[in-house]
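Below is one structure; the comments refer to it alone.
Just so it is clear, none of the values below were taken in a lab; they were calculated from the coordinates. All values derive from a computational prediction rather than experimental measurement. In this analysis, Cβ positions are derived from the backbone assuming ideal geometry, glycine residues included, and neighbour counts consider all displayed protein chains.
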Amino acid sequence: MSLVALGAVLVVVAMLGVNRLIRRGLAAPRIVETGVPDGLPWIEVSVPGPRGKRLFGWFIPAATAQGGAAPALAILHGWGGNAEVMLPLARPLHDAGYALLFFDARSHGRSDGDSFASLPRFAEDLEHAVLWLKARPEVDPQRVGVVGHSVGAGAALLAASRSPGLAAVVSLAAFAHPAEMMRRWLAWKGIPYRPLGAYILFYVQWVIGHRFDDIAPCNTIRQARCPVLLAHGTEDETVPPGDAERIYANRQDERVSLFLMPGSHDEYGELTQAMAAMTGFLNAATDTVSVLKNAPLSGARSAARKGVIDNKKENSRMSQENTWSNRYRDAGEAYLFGTEPNRFLAHRVELLQSGRTALSVADGEGRNSVWLAEQGLEVTAIEISAVAIEKARRLALGRKVEVSFQLADMLAPGWPPAELHNAFDWVVGIFIQFVGPEWRDRQFEVMKQLTRPGGRILLQGYTVKQLEYRTGGPSAAENLYTDDILRDAFADWEIEELVEYEEDITEGTGHKGRSALIGLVARKPD
């Protein structure tokens, strides 16, 4: 072996050793619970988590539930903690009428271990806990909120930015940005930032599969779609209260509140005062949801929310999250619609090169967004299912491309945020016929808002004749496209291509066989 080759081998071995030391040094300590929620009617539960893991928890049913279903909270500890450390919140919240789920994140307490723990994985665990609560018959699924501490608080804010259907979020002692938190840890350990500290930050982002900027609470707060209470101790030396003030300063609207109180990172000197603020906030948030759910189409309901909400229509949209997550989860390690791009999209590769940025809506498991990134575009993908996004991130990592995946409901009120208006050269929707006419206009309007002047929308869908083939797509005729539907929807745009055709397609097990298709490319006026 030459000296050059030997040197290269030694460098690789050294880097592998450094990486192992980093992972070992940053691994969360596992502390198993020794107590239980004494004096409360708790039951031990096992919550299905991501990647087939099980999450240990205690479920405490509400003492009383009006109409048979109570509001509920999923409560998540911080780094190295467990469900037991959050139990001081149990009695006051239970007395306030809430059903409670105290649970351990993966690799913490009595939950299953995983390859690593991270803020995004805390958020995934929290999202699974919320889904578990919503399925409980004694819980009102429209009045489920979350409470998180420290890293758990950052996870709660990340979930609030991407999970539709949360009623409220309480963030206890969240840090503003994980990079800054890491640099404080480096300083405490006496590790110089350059070169070792900088490499540690780079390596951590590579391992967790997320840029720190994308998961930083000071950034995710801008996408929060429910009321948020930022609570922080004024004597917190682990995360200075200035972090809470920075998060608050970046809020999108006045649904975000800031409450500074005496106390440190883990203990609040005036717990009674803190709980009064927390329960007051939660009661207001869940009561608003209750009004929206139960009030008639005039009066209180109109006052609580501008416009008129059709409950059946709203519930149908929100059920999409569970439906698609279950389908993607049932596919296991396989990809429901395969990993290759849609053919109509792929055959327009030369036209796609006319743009620089692309957004794939209802992106699923990433086959189209990853392919777009491979063509050199800067790609954002939105998807309602956290299960699908986890699989999409694995696909992007394996194909060595970068995609900004966002858990979002494109039909949610107030979406898209202002910063995404007129932002993309291409907006791509492949088989997004999961809604009928009552939501189709809204769906197309959102896609138009996202497209910059001179940019294009590309659509692929099924025609009504697909009901004869039944090789994929919706079974409801009203969800399917016709030439007239698309011409009317894009009458104010330049329709560059609108074609109906039939062909045999193979896209995983979800789309397979002879299919009746329609494709559209439309250009937004300058």
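Miscellaneous remarks
- Fewest-first ranking of 400, 391, 524, using other Cβ atoms within 10 Å as the exposure measure: 400, 524, 391
- Amide N proximity, segment 171-187 versus residue 214 label position 7 Å along Cα-to-Cβ, cut-off under 16 Å: 178-179
- Pairs of lysine residues in the chain that meet both criteria, 8 or more places apart or on different chains and Cα atoms under 28 Å apart, total 23.
- Contact order, relative form, for the chain: 9 percent (alpha carbon pairs under 8 Å, 6 or more residues apart, mean separation divided by residue count).
- Here the chain carries DSSP beta bridges of which approximately 40% are antiparallel, counting only pairs with both residues inside.
- Amide H to amide H, with H built 1.01 Å from N, residue 33 comes under 5 Å of 110, counting only residues 5 or more places away or on other chains.
- Sparsely packed GluC sites (Glu not before Pro) within segment 323-408, loop by DSSP, other Cβ within 10 Å at most 16: 333, 402
- Residues 139, 204, 349 arranged by fewest to most Cβ contacts within 10 Å: 349, 204, 139
- Computed label-point distance, nm, for sites residue 394 and residue 442 using a 7 Å Cα→Cβ extension: 3.2
- Screening the chain for DSSP H helices whose Cα atoms reach 15 Å or more along their own axis and whose mean Kyte hydropathy is at least 1.6 gives 3-26, 198-208.
- Summing Cβ point charges (Lys, Arg +1; Asp, Glu -1) relative to the Cα centre of the chain gives a dipole of roughly 760 debye.
- Potential lengthening between residue 467 and residue 333 on full extension [0.36 nm per residue; Cα-Cα distance subtracted]: 45.3 nm
- Amide H partners (placed H, <5 Å) of residue 497, local residues excluded: 521
- 77, 177 arranged by Cβ crowding within 10 Å, fewest neighbours leading: 177, 77
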